[in-house]
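Any read-out appearing in this document is the output of simple, stated calculations on the displayed coordinates, not a laboratory observation. All values derive from a computational prediction rather than experimental measurement. Using ideal geometry, Cβ is built from the backbone for each residue, glycine included, and neighbour counts are taken over all protein chains shown.
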Amino acid sequence: MKVLFAVSEMFPFVKTGGLGDVAGALPVALQNLGVDVRVLIPAYSEVLDKVVDLAPWVSLGDPLGAGEIRVALGRVPGSGVPVWLVGSPALYERKTGPYLGPDGKDWPDNHVRFAALSRAAAIICDAGTVLGWQADILHSHDWQGGLGPAYLALRGGRRPGTVHTIHNMAFAGIFPATELGAVGLPLEAFSINGVEYHEKLSFLKAGIRYADRLTTVSPTHAREIMSKEFGFGFEGVLASREGHLKGILNGIDGDIWNPRTDALIEQTYDARNLGKKALNKAALQKTFGLPINPKAPLFGVVSRFTIQKGIDLVLETLPRIIEQGGQLAVLGSGDAELEDKLTKAAKDFPAHVAVRVGYDEPLSHLVQAGCDGFLVPSRFEPCGLTQMYALRYGTPPIVRRTGGLADSVIDVSNVADGTGFVFEAAKGTELNRAVTNAIKLYRRPGEWRALQRRAMKQDFSWEKSARDYISVYSELTDSAPIRARGRRTKR
Ligand code: ADP
């Protein structure tokens, strides 16, 4: 089976969040199960710097009138996964990460930049034989990949099956309706049954509406997004596609996130020698400028600073952590107001709170390894990876019962086989209670150690998820080799 991924970020090239981790790890897991996966990604400067074995460029013409688009096959360093780079220096070689300009705002031509990615995907699906590789499935991701299924379905005729994965509904790729032509969509697509969303154009809606199958990144979130609370206005169209929507929990890359072998932490350890974790705690306290105190319960956060992630709730729970002699180490960036409030708290309570503003992959490993508990109090969380990393590192997570958090953490207060602390409502009082329970248990070392060991035993390997994706692909390849205008027809 041949699968073409179309995605806007991929570890280790560029990563701004979980999407990058998934695009880095899922293809490897699929390959291990015999799937021939290639990943199509924009040739950002960071990608061009790191790609290996790059073959000559092949022109795809100028399909959007925004300049010539070229593709070249290369490989990911390390994993060796084949990648097709979409080359357009004017669109992608900007050296400021995949989405934002130097002013921290979305690039004004993001619709063209990611339409070009999807257009290249559709052309490769058409021109497979020219490039010597014919996809059976186009698997697109998030709004940036949403137009791929639309281009193929609207063109009609023979085409690969299409699967679109929603990693975060909060980003819907919304642009003025006047840009329809610039992204190469026909007028007929601009309707309630097409790409229209409140009189604008939504790339995410294109994916939802035109892909043969939809997935999101946890079973709970698949149910949630059909409700008003979590659907961002797409709940109706999603509910209409319920029979073709599946939640598949993300895995984690067990080679990169493994406390037994992790070269980015102070001291490696595993479930049998958890005592060594203390060296990471001391190193983390030192790095963050917190008092080196092995007894203080140390909580960690690695996150985008947004309301989605409940960073405001973390601020609300600070007094509780401080009054109980605890510490908080925060790594992240984002919303300026949340950033300011966290920085101010660190200034006011230097013995208890420390914040590192920025994106720091190595430091994120040390936070996972060095903390006692890990906070993920998200308002909504399609899957969430940091709580899974925390479990693997024996750092019990404290999470809200939503999306993938609900599907990956078992509440220890209700059941003996619990792996962390789960609270219900997105309220400071509820997080306070969970943090207090965590500190209470932390002060009973035998029980805490047992909790850590149970957490570390959880299996979040990608293999199971990859098998689930293969079963979705198979629904399309086994019975419907030809599809016309999004409907199945027999050969
Ligand atoms: P989301 O994709 O919504 O941001 P996830 O939990 O799915 O959330 O994935 C976030 C990923 O980004 C994790 O790998 C996490 O470790 C990483 N990450 C987030 N913020 C930072 C940061 N400031 N520095 C390093 N890694 C970060």
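Brief remarks on what is shown
- Compactness of the stretch 1-148 is given as radius of gyration and Dmax, 14.0, 44 Å, from Cα positions.
- Bridge orientation summary for the stretch 1-118: considering DSSP beta bridges with both residues in this region, about 55 percent are antiparallel.
- The calculated FRET efficiency for the pair Val52 and Ala450, based on their C-beta separation and a Förster distance of 41 Å, comes to about 0.35.
- In the stretch 274-456, Cα pairs under 8 Å separated by at least six residues give a relative contact order of 22 percent.
- Derived scalar couplings ³J(HN,Hα) [the stretch 382-393; Karplus, 6.51 cos²θ - 1.76 cosθ + 1.60; whole Hz; x for Gly, Pro]: x, 9, x, 10, 5, 5, 6, 4, 4, 4, 4, 8
- Exposure proxy ranking, count of Cβ atoms within 10 Å, fewest first, for Val76, Val22, Val52: Val52, Val76, Val22
- Residues Met1, Met10, Met388 in ascending order of nearby Cβ atoms (within 10 Å, fewest first): Met1, Met388, Met10.
- Considering only the chain, percent of DSSP beta bridges that pair antiparallel, nearest 5: 30 percent
- Estimated FRET transfer efficiency (Asp109, Ala416; beta-carbon r; R0 56 Å; 0.05): 0.55
- Compactness index (Cα Rg / 2.2 N^0.38 Å), the chain: 0.99
- Ordering Ser88, Tyr389, Val302 by the projection of their Cα atoms onto the charge dipole of the chain, which places +1 on the Cβ of Lys and Arg and -1 on the Cβ of Asp and Glu, puts Tyr389 at the extreme positive end.
- Net dipole in debye of the chain [+1 Lys, Arg Cβ; -1 Asp, Glu Cβ; about Cα centre; nearest 20]: 980 debye
- Relative to the dominant Cα principal axis of the chain, helix 445-457 is inclined by about 10°.
- Label point 7 Å beyond Cα of Lys427 along Cβ direction - residues of the stretch 392-409 with amide nitrogen under 19 Å: 399-402
- The stretch 274-456 - charge dipole about Cα centre, Lys and Arg +1 at Cβ, Asp and Glu -1, debye rounded to 20: 680 debye
- The mean of 1/r over all distinct Cα pairs in the stretch 340-466, once inverted, gives the Kirkwood hydrodynamic radius of 15.3 Å.
- Modelled spin labels at Val237 and Thr178, positioned 7 Å past Cα toward Cβ, are 2.2 nm from each other.
- Residues Asp348 and Asn32, FRET efficiency given R0 of 56 Å [Cβ-Cβ distance, rounded to 0.05]: 0.65
- Rough spin-label spacing in nm, given labels placed 7 Å along Cα→Cβ, for Ala263 and Glu68: 3.9 nm
- Phi angles across the stretch 94-105 convert, under the Karplus curve 6.51 cos²θ - 1.76 cosθ + 1.60 with θ = phi - 60°, into 3J(HN,Hα) values of 10, 6, 10, x, x, 10, 10, x, x, 7, x, 9 Hz, Gly and Pro given as x.
- Percent RCO, i.e. relative contact order, over the chain, from Cα pairs under 8 Å lying at least 6 residues apart: 13 percent
- ³J(HN,Hα) computed for each position of the stretch 31-42 - Karplus, 6.51 cos²θ - 1.76 cosθ + 1.60, integer Hz, glycine/proline x: 4, 4, 9, x, 7, 8, 9, 10, 10, 9, 9, x
- Distance from the Cα centroid of the stretch 145-206 to that of the stretch 401-443 is 39 Å (rounded to whole angstrom).
- One decimal place: the segment Thr16-Glu463 gains 158.6 nm when fully extended, by the rule 0.36 nm per residue minus the C-alpha distance.
- Per-residue Cβ neighbour rank within 10 angstrom, fewest leading, Trp84, Trp448, Trp143: Trp448, Trp84, Trp143
- The Cα center of the stretch 320-354 and the Cα center of the stretch 52-76 differ in position by 45 Å.
- Debye-formula intensities of the stretch 400-475, expressed as log10 I(q)/I(0) at q = 0.11 Å⁻¹, are -0.38 (one equal scatterer per alpha-carbon, no solvent).
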